[in-house]
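Input: a single structure, listed below in structure tokens.
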Amino acid sequence: MKTGDEYFDSKEFQERLAIYEESVSSGQPVFMDAEELAEIADYYQMTYRKDKADEAIDLALSLAPGGIAPLTYKIHESLFNHQIDDAERYFSQITETDAPDYVYDQAEIMIAKGEIQEADTMLHDLLDKTPDEERQDFIFDIASIFQDYGIYDKAMEWIKMASREDTPEFKELMARTYFGLGHYKDSEKLFNELIDTNPFSKNYWKALANIQLMNENFSGAIQSSEYAIAIDPDDPDSLMAKANGLYELGNYQDALDYYERYVKLDDSDEVVLLRLGTCLINVERADQAIQVLDKALKKAAADSPSLVDIYQELAFAYGLKGDTDKAIACLDKTEDLDCDHADMEVLKGHILLGNNRIMEAQEHFRKAIIDTQTPQQTFLRIIVSTYDNKYVQTAYQLFLRYFKEYGDETNEGYAYMALCCHDLKRDDEFLHYLKKACEVCPQECKSVLSSFFPEDMTPKDYYEYIKKQMNS
């Protein structure tokens, strides 16, 4: 299984791995030292085979109970699982206290405890004592640690102390740190340079895809992730990047396929299950969506920020089945969660309206208006819900009130009003609101009205295009 890591994918390591696996499968003694076994455990962990990783690391610890390589593995595993006490216990067992990794392990534990400045000060003190010939490697390693833990400002501070190198390793560290700091253009430039030198690195293509997702270049992200998938068809991060790009473009059927492939490899993330459930709802597979979203609920911690969205999508799924009471019950569960409760009332009204329970829907809409801190946005959501539920004439009348009350305060809503006028065959008003929408809120215009126009057309050209169509 390819990892994208130059060493683990090398012939040298793969031959050692084959010897180890042959020894294990045949029941013969494994003639390897603790460091080699720790590397094999790292490889298994990287390729999502935890049981095999645990087996290799247990063997390494039995050979060298105080060895820094297997104990560093256990420290990293503990920190990943937020078990700092366990990490400190493993750290106390290390006998090779003069090894560089001993200092790195100590720094990582301090960072995980939130002692970032203390760790930085300790490392600066050690840098002052580091021989000149080892200084560059030490700085690189410390910058990498801060970058791994998402402390990007500290990572950049350390990078700036290093001598600039035109090596793939240095460029990648810079690129990932730029990404973490939100400097996406700088990061993208470096990853493109890295791809030029090594177009068969799935890690570079994955990184580029994630940058493009952040820049909302969803088509580019899909293309970059496809290169990564071509290199390794079962790489979870590549599958995720392509799924996310397709999802953002509203291509739920194809996104569904890639989320399902991801979940077969790793079903532990409630956010992925949430998106999978959303795709199933959008392709009208409500029963399967409910199963997936129930699984997401079980995976989610009590303080997960995804809980509100999971309950919301469950409500949509039950609404799709016509089980309105269960849908409302799902939204009721958000009452004790941190969310926009007025928005939840709008959603209750939307689902009830979709099932012709008009009086109940109106009651929830009224409650939303009373409770809201943002009356303009709430009123707009209610009108859009009215339109989506095919009460077009009512939505039109509500829009007239909306623009009378908020027309001087907002650029939102004009594209939806244009849609209402189009459906009601009010052609002059359709043109009026379309022109206004293109001028004041092109993003909303594209989102709401793009199906009327050629795919590559921008909103600034919508008005003239429709005018010509209507006059021809």
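If you average the alpha carbon positions of the range 129-203 and of the range 438-472, how far apart do those two centres end up, in angstrom?
So the separation of the two Cα centres works out to 44 Å.
Restricting things to Cα coordinates, could you compute the convex hull volume per residue of the range 327-472 in Å³?
Looking at the range 327-472, the number lands at 127 Å³ per residue.
What's the exposure ranking of Ser385, Ser224, Ser304, going from fewest to most Cβ atoms within 10 Å?
Ser304, Ser385, Ser224
For a quick check: sort Met344, Met457 by the number of other beta carbons within 10 angstrom, fewest at the front.
Exposure proxy ranking, most exposed first: Met457, Met344.
In the range 356-435, how does Rg compare with the Kirkwood Rh, expressed as the Rg/Rh ratio over alpha carbon atoms?
My calculation of the ratio gives 0.98.
Using Cβ contacts closer than 10 Å as the measure, can you line up Asp371, Asp428 from fewest to most?
Asp428, Asp371
My understanding is that a pair violates if its Cα-Cα distance is over 24 Å; which of Lys242/Lys326; Lys74/Lys295; Lys404/Lys436; Lys74/Lys264; Lys367/Lys390; Lys348/Lys425 do that in this structure?
Working: Lys242/Lys326 33 Å; Lys74/Lys295 29 Å; Lys404/Lys436 15 Å; Lys74/Lys264 27 Å; Lys367/Lys390 22 Å; Lys348/Lys425 30 Å.
Correct reply: Lys242/Lys326; Lys74/Lys295; Lys74/Lys264; Lys348/Lys425.
Computed over the Cα atoms of the range 411-472, what is the convex hull's projected area averaged over all directions, in nm²? Let's see the in-between values first.
Values: hull surface 14.7 nm².
For the range 411-472, averaging the hull's shadow over all directions gives 3.7 nm².
Whole number please: convex hull volume per residue of the Cα set in the range 180-282, in Å³? The partial results should precede the final answer.
Details: hull volume 9.3 nm³, N = 103.
Value for the range 180-282: 90 Å³ per residue.
Toward the positive end of the charge dipole of the chain, about the Cα centre and with charges on Cβ (Lys, Arg +1; Asp, Glu -1), which of Gly220, Ile328, Met46 goes farthest?
Highest projection toward the positive end goes to Ile328.
Taking +1 at the Cβ of each Lys and Arg and -1 at the Cβ of each Asp and Glu, which of Ala69, Gln83, Pro375 sits farthest along the dipole of the chain towards its positive end, judged by Cα position relative to the Cα centre?
Pro375
Could you give the nm distance between label points at Ala301 and Gln469, where each point is 7 Å from its Cα heading toward the beta carbon?
Each label point is offset 7 Å from its Cα along the Cβ direction, giving 4.9 nm.
Mean separation of Cα pairs under 8 Å and 6+ residues apart, divided by the residue count of the range 411-472: what relative contact order is that in percent? Walk me through the numbers before you get to the answer.
On the way: 59 pairs, mean separation 20.4, N = 62.
RCO, the range 411-472: 33 percent.
Could you quote the convex hull projected area for the chain, Cα atoms only and averaged over all directions, in nm²?
28.2
Below 8 Å, C-alpha to C-alpha, sequence gap of six or more: please give me the relative contact order for the chain in percent.
Once divided by the residue count of the chain, the mean separation gives 5 percent.
Just so you know, all these numbers are worked out from the coordinates, no wet-lab data involved. Just so we're clear, the structure is a prediction, and the values are computed from it rather than from any experiment. Every residue, glycine among them, receives a Cβ derived from its backbone with ideal geometry; neighbour counts consider all protein chains shown.
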